[in-house]
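K.L.:
Provided herewith is a single structure, encoded as structure tokens, for subsequent inquiry.
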Amino acid sequence: MSHHTTPNKTFWTPANILTAVILAVGLALTVKRFTMGIGSVTNLTDDNPWGIWIGFDLLCGVALAAGGYTTSAAVYLFGMKKYHSAVRPAITTAFLGYAFVVFALLYDLGRYYRLPYPLTIYPGPTSFLFEVGLCVALYLTVLAIEFSPALWETLRWKKLRFWAHSLTLVLTIFGVVLSTLHQSSLGGLYLLAPSKLHPLWYSPYLTLFFFLSSIPAGLSMVIFEGGLSHKFLHHKMDETHIKEAPGVTLGFAKAAAVVLFAYFNLKWIGVALDNNWHHLATGWGTWFLVEMFGFVLVPCMMYAVAAREKNQKLAFYASIVTVLGIVLNRLNISLVAFNWQLPSELRYVPSWEEIMITVFIVTLEITVLRICLNKLPILHEHPEFKGAH
């Protein structure tokens, strides 16, 4: 950060030096990717056309940005006003999450300059991918407008802020509809490959599983970032924020516990409906059990205990396990259990450049988020707009 948050702090902290190194390497690889083609930096093949950029950057990026619609729906649609202070941080994370998903997609698309084609030149209304593209484009626009009041307040553009704020309810409803659609359709994409995806992960209910698991993913990100903000950006928070934070953490923990429990049970119903029990005795079955018990049931119990005992620290740890669990689930579906029948030499392993570009994109996002939280009225109300809600 070029502006000192507190005096006497130097800019070149170890974290900032590391960030600078990652961004420099990332920029070099970006130049290589866009001048020498996608084959020069990836291990993608016709067998494995989707790699870590789709599996991690896109599938995990979208799921973990679900905090936007879950939080704004809770506050504006279900009237849970006590979580109001969580809306802005959640919308900020969601907006940056989606913006960087689209940014990462430019790397993954062979002909990235054709990204607007489906929306303009030839739509494919029968395609899951068209639906995902359309929803993400529209929802990114919705998030940009929902995020914008923080910007207009800083610039003191009262007219624009009032206009953006007056759309809150409409945008929240639209946002929930769009999120339901594309969170589930990302799962729907994998319905196209029943022969390639391992039976334990393949299910006719993939769309439901993806949507349902995005809810605790979003809630956990809000809890996780809330915990980090309290530690590192405490000086940016106003009283309302500090006062409401425990309620947000514990309330969201309770909600996440309920949804994780529902998700856990539905996954077993999925196994039962396709009669895949015999697969549990294999090595793949062991891995499936690790995901289901270690990363769904364990955080579910942690959240339930945290909510009952009012233990914020436990809720914070549960959020980390849940986020890791969502990442594990999306990577299992897109990479690990995908093409499971192929011999190991034909399986996809990401190249170091692919991994580095992913690290670069995540680092860039965190850096932009840090700048936003430091410079914009997100963790506190703007003094001129107090109580303008």
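The values are calculated or read from the model by the stated rules, or taken from the named source; none is laboratory data. Just so you know, these numbers come straight off a predicted model, no measurement behind them. Ideal geometry is used to build each Cβ from the backbone, glycine not excepted, and the neighbour counts take in all protein chains shown. These area figures cover heavy atoms from the full protein model, side chains too; ligands, DNA and RNA do not enter into them. Shrake-Rupley method; radii C 1.70, N 1.55, O 1.52, S 1.80 Å.
K.L.:
Return the single residue from Ala99, Ala73, Ala272 with maximal mean-square fluctuation; model: Gaussian network over the chain, springs between Cα atoms under 10 Å.
P.N.:
Ala272
K.L.:
Continuing with this model, one more query. Pick out, in residue order, every one of the trypsin sites (Lys or Arg not before Pro) in segment 97-186 that is DSSP loop and has at most 16 other C-beta atoms within 10 Å; say none if there are none.
P.N.:
Answer by residue number: Arg111, Arg156.
K.L.:
Now for a separate question. Helices from the chain with mean Kyte-Doolittle at least -0.5 and a Cα length along the axis of 20 Å or more, per DSSP H: which?
P.N.:
Length and hydropathy pass: 14-36, 84-108, 128-155, 168-188, 206-232, 239-273, 312-331, 352-375.
K.L.:
Filter the cross-link list Lys32/Lys375; Lys82/Lys254; Lys82/Lys310; Lys231/Lys254; Lys158/Lys375 down to pairs whose alpha-carbon distance in this structure exceeds 25 Å.
P.N.:
Over 25 Å apart, Cα to Cα: Lys32/Lys375.
K.L.:
Let me spell out the model: positive unit charges on the Cβ of Lys and Arg, negative unit charges on the Cβ of Asp and Glu, origin at the Cα centre of segment 1-102. What dipole size does that give, in debye rounded to 20?
P.N.:
With only Lys, Arg, Asp and Glu charged at Cβ, the dipole is about 540 debye.
K.L.:
Residues in segment 298-318, backbone N under 17 Å from the label point at Leu266 (7 Å along the Cα-to-beta-carbon vector): list them, ranges by number please.
P.N.:
300
K.L.:
While we're looking at this one, here's another question. Which of the chymotrypsin sites (Phe, Trp or Tyr not before Pro) found in segment 74-114 are in a DSSP loop and have at most 13 neighbouring Cβ atoms, other than their own, within 10 Å?
P.N.:
Of the chymotrypsin sites (Phe, Trp or Tyr not before Pro), the ones in loops of segment 74-114 whose Cβ has at most 13 other Cβ atoms within 10 Å are Phe78.
K.L.:
What lysines could a cross-link reach from Lys196, if we take a straight Cα to Cα line under 16 Å and drop same-chain neighbours fewer than 8 places away?
P.N.:
Of all the lysines, none pass the test against Lys196 - Cα under 16 Å, at least 8 places apart if same chain.
K.L.:
Toward the positive end of the charge dipole of segment 316-389, about the Cα centre and with charges on Cβ (Lys, Arg +1; Asp, Glu -1), which of Thr358, Leu376, Val327 goes farthest?
P.N.:
Final value for the positive-end residue is Leu376.
K.L.:
If you don't mind, there's one more thing I want to ask. Quick one: among Ser344, Ser213, Ser179, which has the greatest mean-square fluctuation in a GNM of the chain with alpha-carbon springs under 10 angstrom?
P.N.:
Ser344
K.L.:
If you don't mind, another one. Is it possible to state the helix-based mean residue ellipticity at 222 nm for the chain, with each DSSP H run of 4+ residues giving -39500 (n - 2.57), the sum divided by total residues, to the nearest 500 deg cm²/dmol? What is it?
P.N.:
-21000 deg cm²/dmol
K.L.:
Most fluctuating residue of Leu140, Leu208, Leu18 in a GNM of the chain with Cα springs under 10 Å: which is it?
P.N.:
Leu18
K.L.:
Here's something else I'd like to know. In whole angstrom, how long is each semi-axis of the equivalent ellipsoid of segment 214-360, when you take the square root of 5 times every eigenvalue of its Cα gyration tensor and sort them from largest down?
P.N.:
33, 22, 10
K.L.:
Leaving out ligands and nucleic acids, and using a 1.4 Å probe, what accessible area per residue does the chain come to in Å²?
P.N.:
47
K.L.:
Right, next: With N residues in segment 1-139, what two-decimal value do you get for its Cα radius of gyration over 2.2 N^0.38 Å?
P.N.:
For segment 1-139, the normalised Cα radius of gyration comes out at 1.33.
K.L.:
From zero outward in steps of 5 Å, how is the percent of C-alpha pairs of segment 92-211 spread across the bins?
P.N.:
Over segment 92-211, the share of Cα pairs per 5 Å bin runs 2, 10, 15, 18, 18, 15, 11, 6, 3, 2, 1, 0 percent.
K.L.:
Something else about it: Leu105: accessible area at probe 1.4 Å, nearest 10 Å²?
P.N.:
Result for Leu105: roughly 40 Å² accessible.
K.L.:
Here's another thing I want to ask about it. With +1 on the Cβ of every Lys and Arg and -1 on the Cβ of every Asp and Glu, and nothing else charged, how large is the dipole of the chain about its Cα centre, in debye rounded to the nearest 20?
P.N.:
Approximately 1000 debye in magnitude.
K.L.:
Amide H of Leu197 versus every other amide H placed in the peptide plane: which residues, excluding those fewer than 5 positions away on the same chain, fall under 5 Å?
P.N.:
Asn339
K.L.:
Something else: Residue farthest toward the positive end of the dipole of segment 1-142, with Cβ of Lys/Arg at +1 and Asp/Glu at -1: which of Ile121, Leu106, Thr92?
P.N.:
Working it through, the farthest residue towards the positive pole turns out to be Thr92.
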